[in-house]
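These notes are about the structure you will find just below.
Each value in this text was obtained by applying a stated rule to the coordinates, not by laboratory testing. Remember, predicted model here, so these are calculated numbers, not experimental data. For neighbour counting, all protein chains shown are included, and Cβ atoms are generated from backbone atoms with ideal geometry for every residue, glycine included.
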Amino acid sequence: MKLQVIVTLKKDVLDPQGSAIKSSLSNMGFKNIESLRQGKTFEIILKEKDEKAALSKAKDMCEKLLANLTIEDYSVRAIKE
Amino acid sequence: MKASVIVFPGSNCDRDVRISLEKFGIKTSMVWHADVKLPKSDLVVLPGGFSYGDYLRCGSIASKSRIMKEVIAHSKKGGSVMGICNGFQILVESQLLPGVLIKNINLKFICKNITVKVINNKTNFTSKISRNSVLEIPIAHNEGNYFASKNLIDELEDNNQIILQYCDAAGNITEQSNPNGSIKNIAGIVNKKGNVFGLMPHPERASDELLSGMDGSLIFKSLK
């Protein structure tokens with residue numbers, strides 16, 4: 001089972017990298033960018049056939065290592081091939 | 001007094017810290033991150049550096065290394081732990097200290113001497129320093145911007161857990177003297193019990209007359 005994990009900064013956490021990217025895009029001529037936040041994605045292939053079990057394992061990984069819950073949120077989804 | 005310095009792949013201040021500890025009479029052993037047993041120690045030091053290349057988040061992978069189980073157990077029994085720079089990042093990732101250290105607000109790696117004010121000297125890490133004194137100690141980090149929720153900051157203040165704050169040479173805690181954007185100019189905190197101390201400045205780099213002064217040595221002299 002292939003899974004995608006997305007980790008993003010929580011809404012009220014300052015994202016200086018996101019702001020720098022946003023201002024660079026504006027300077028390049030991309031106008032009307034309201035907001036830009038940077039995050040991380042992880043692609044995980046699990047030896048697991050059951051989707052529910054795979055998702056719950058990935059959530060556990062997020063809580064224990066992939067995300068720092070003080071400042072980050074995560075989402076997990078299965079990728080159908 | 002006995003100390004253990006934990007060496008992670010990518011630690012680079014481990015030997016400097018050992019020299020400083022030994023200079024002030026603390027017998028020190030070096031402990032590899034993959035070891036399963038911590039030698040009998042009164043103090044564990046997590047040194048500065050770039051453990052695991054700062055992959056994922058600074059300190060996150062080191063916080064899950066084998067020896068950290070022992071370090072956490074040592075701290076739960078009341079043993080002292082001091083994390084310097086990357087060591088501080090490992091302590092927040094291990095949840096031995098609250099909050100988190102994010103990228104410096106100016107997005108730059110900052111390597112320079114700064115001044116910090118000692119806010120609380122009633123700890124095992126600052127007992128030989130007078131309260132409100134100003135120390136000049138170098139910082140060298142990219143992720144030293146201390147962040148925590150408002151409730152947590154209130155709690156840190158109520159429990160006198162803020163130990164060091166960035167300040168100007170006269171001791172004024174101002175926005176201009178905040179190098180990295182840390183909330184409340186926080187440079188160092190302790191846990192509620194007071195036995196775990198994390199700080200971004202490098203006291204081991206200010207513990208020799210021939211290098212950048214002796215202000216950092218006050219922390220090593222305080223250790224008990």
Using only the Cα atoms, what convex hull volume per residue in Å³ does segment B:73-123 have?
-> 118 Å³
Under 1.5 on a/c is rounded, so check that first for segment B:175-218, then, if it is not, pick prolate when a/b is larger than b/c and oblate when it is not; a ≥ b ≥ c are the square roots of the alpha carbon gyration tensor eigenvalues.
-> oblate
Among the DSSP beta bridges whose two residues both lie in the protein assembly as shown, what percent are antiparallel, rounded to the nearest 5?
-> 70 percent
Give the distance, in whole Å, between the Cα centre of segment B:18-52 and the Cα centre of segment B:154-189.
-> 27 Å
Tell me, what are the semi-axes, in whole angstrom and largest first, of the equivalent ellipsoid of segment B:141-219 as set by the roots of 5 times the Cα gyration tensor eigenvalues?
-> 23, 16, 11
Count the DSSP beta bridges whose two residues both fall in chain B, then state the antiparallel fraction as a percent rounded to the nearest 5.
-> 60 percent
Could you give the spread of the C-alpha atoms of the protein assembly as shown along their three principal axes, from largest to smallest, in whole angstroms?
-> 63, 48, 36
Computed over the Cα atoms of segment B:24-109, what is the ratio Rg over Rh, Rh following Kirkwood?
-> 0.98
Scalar couplings 3J(HN,Hα) for segment A:18-34 by Karplus 6.51 cos²θ - 1.76 cosθ + 1.60 (θ = phi - 60°), nearest whole Hz, x for Gly and Pro, are x, 5, 5, 5, 4, 6, 5, 4, 4, 4, 7, x, 7, 8, 6, 7, 6
Cα gyration tensor category, rounded, prolate or oblate, for segment B:1-72 with a/c compared to 1.5 = oblate
Starting at 0 and stepping by 10 Å, how many percent of the alpha carbon pairs of chain A end up in each bin?
-> 18, 37, 25, 17, 3
List, in the order given, every pair from A:Lys10/B:Lys117; B:Lys2/B:Lys77; B:Lys150/B:Lys221; A:Lys10/A:Lys64; B:Lys76/B:Lys117; A:Lys11/A:Lys40 whose Cα-Cα distance in the structure shown is over 22 Å.
-> A:Lys10/B:Lys117; B:Lys150/B:Lys221; B:Lys76/B:Lys117
Likely footprinting exposure, A:Met61, B:Met214, A:Met28, fewest C-beta neighbours within 10 Å first | A:Met28, B:Met214, A:Met61
Distance in nm between label sites at B:Lys108 and A:Lys40, each 7 Å beyond Cα in the beta-carbon direction?
-> 2.6 nm
Residue separation between A:Ala78 and A:Ala20 times 0.36 nm, minus their alpha-carbon distance, gives in nm 17.7 nm
Is chain B best put as rounded, prolate or oblate by its Cα gyration tensor, with a ≥ b ≥ c the root eigenvalues, rounded for a/c under 1.5, and otherwise prolate when a/b is larger than b/c, oblate when not?
-> rounded
Starting from the coordinates of the alpha-carbon atoms of segment B:103-184, obtain the Kirkwood hydrodynamic radius over all distinct pairs and give the value in Å to one decimal.
-> 13.4 Å
Helical contribution to [θ] at 222 nm, DSSP H n ≥ 4, -39,500 (n - 2.57), averaged over chain B, rounded to 500 = -5500 deg cm²/dmol
